[in-house]
Every structure is written in structure tokens, then in C-alpha cells.
Amino acid sequence: MNLPILTAVLLGLVLTPALADYHQQTDISKKISIGGGYQIMTINRKWLVASIEQKTNHGSWKTIWNYDTGFMATKVLPEKACYISIMNRTEMPSFDALPQLAAHIRNHQRSPTKEITFTLVKTIVRDLESYGPDTFSMCIGLTTYVAYEVHGPQFNLGSCIKLEVLQYLALTYCHNNNYV
Ligand SMILES: *[C@@H]1O[C@H](CO)[C@@H](O)[C@H](O)[C@H]1NC(C)=O
């Protein structure tokens with residue numbers, strides 16, 4: 001083997017993993033049409049953050065799932081509110097399963113098979129930065145609530161808003177009448 005070829009081979013060995021790493025870090029973005037509007041899913045593999053945003057005529061919302069910090073945050077626009085909660089990893093899809101979820105979207109209306117219900121407590125979140133830059137820039141200036149997961153039948157949930165994420169998971173946020 002002469003020198004230029006050997007160099008090329010060695011360079012190939014060095015570059016291939018570097019390029020593979022680069023592609024793994026690239027954002028994936030997918031736009032999905034959903035009855036009268038659309039949802040956009042973005043996945044950042046480097047930061048282990050996924051976001052799903054819905055825009056329709058009746059309003060819009062965005063939810064950010066940070067698989068690194070273990071927190072999720074949801075902005076609901078007509079309400080100008082941001083709901084921050086712990087991500088329950090036994091109930092949430094795994095980070096690696098997210099592209100699959102988007103691929104399985106059907107054109108016909110389909111209701112999510114899973115639902116997580118939260119009760120909201122209005123709070124001033126002083127360390128908003130600690131939830132990551134995406135959540136910070138999404139929630140800054142909005143009314144922030146901490147959202148606590150609730151299980152079983154609830155009798156005093158008050159008014160709820162149900163967000164259907166990728167036809168897979170319903171996130172239901174309820175204003176607790178006891179705290180409003
Ligand atoms: C997380 O989900 C599991 C399964 O639904 C549930 O048993 C558990 O109570 C949840 N954790 C919290 C903190 O709500």
C-alpha cells in the first residue's frame with residue numbers, strides 16, 4: 001500500500017464515526033396534518049429533547065419533553081400559561097420511540113390510547129433556566145403552573161384542557177378548584 005492510499009484509509013476510519021455522530025445529533029423535524037391543522041415534532045438527539053407543537057384555528061399549544069432533565073413543559077396559548085411537570089418515564093414514550101410515533105399517524109381522526117391527567121397549582125417558578133433553554137424561552141413571561149399527575153377518579157378537577165399529542169398520548173391539565 002502506498003502512502004496516499006494508506007492516508008485515505010486512515011482518514012476514512014477517523015471521519016466515518018465523526019460523521020455518524022454528527023448525523024445522530026441533527027434535529028429531526030416532522031410535520032403531521034391533524035384535523036384542521038398540524039402538529040410539528042422536533043427531536044434533538046444531542047440534547048435529548050423533543051417538542052411537539054400544534055397549530056389549529058382554535059388555538060395552539062406546544063409541549064417540550066426533556067429526557068435529559070426528566071421534566072416536561074407545556075405552553076397553552078389562548079391561556080398564556082405554561083405547565084411544568086415531572087416526566088413519568090413509565091407512562092411517557094421512550095425517547096427512541098418518538099420517530100416511530102410520528103410515522104404511525106393516520107389521516108383519519110383517532111383518539112389517543114394513553115392519557116395522563118394533571119392538576120395544576122399556580123406558582124412563580126424562580127429557576128426557570130434550570131429546566132433547559134427551550135423551556136425557558138417558551139415559558140418566560142407566561143403564567144407558570146406546576147402540574148402534578150393524578151390517578152384514578154377525581155371529583156374536584158375543575159376545568160380541564162386536553163391536548164392530543166401525535167394521536168398517541170392525551171395530556172389533560174385541570175385547574176384544581178381548591179387552589180384557583
Ligand atoms: C408514574 O406512572 C405509574 C404508572 O402509571 C404510576 O403508578 C405512578 O404513580 C406514576 N408516578 C407519579 C409520580 O405519578
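Any read-out appearing in this document is the output of simple, stated calculations on the displayed coordinates, not a laboratory observation. Note that the structure is a prediction, hence the values are computed from the model and not measured. Glycine also receives a Cβ, built like all others from the backbone with ideal geometry; neighbour counts cover every protein chain displayed.
Results, tabulated for the structure shown:
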| quantity | calculated |
| --- | --- |
| Within region 38-180: Cβ-based charge dipole about Cα centre, in debye rounded to nearest 20 (Lys, Arg +1; Asp, Glu -1) | 260 debye |
| Computed FRET value (nearest 0.05) for VAL150 with ALA97, which takes r as the C-beta separation and R₀ as 25 Å | 0.55 |
| Length gained when the stretch ALA170-SER137 is fully extended (0.36 nm per residue, less Cα-Cα span) | 9.5 nm |
| DSSP-assigned coil residues among trypsin sites (Lys or Arg not before Pro) in region 110-166, each with at most 12 further Cβ atoms within 10 Å | ARG126 |
| Cα shape, region 27-175, gyration tensor, a/c 1.5 rule | rounded |
| Calculated FRET value between ARG110 and ARG89, using beta carbons and R₀ = 41 Å, to 0.05 | 0.95 |
| When each of LYS30/LYS114; LYS31/LYS122; LYS30/LYS75; LYS30/LYS55; LYS46/LYS114 is checked by Cα-Cα distance, pairs over 24 Å | LYS31/LYS122; LYS46/LYS114 |
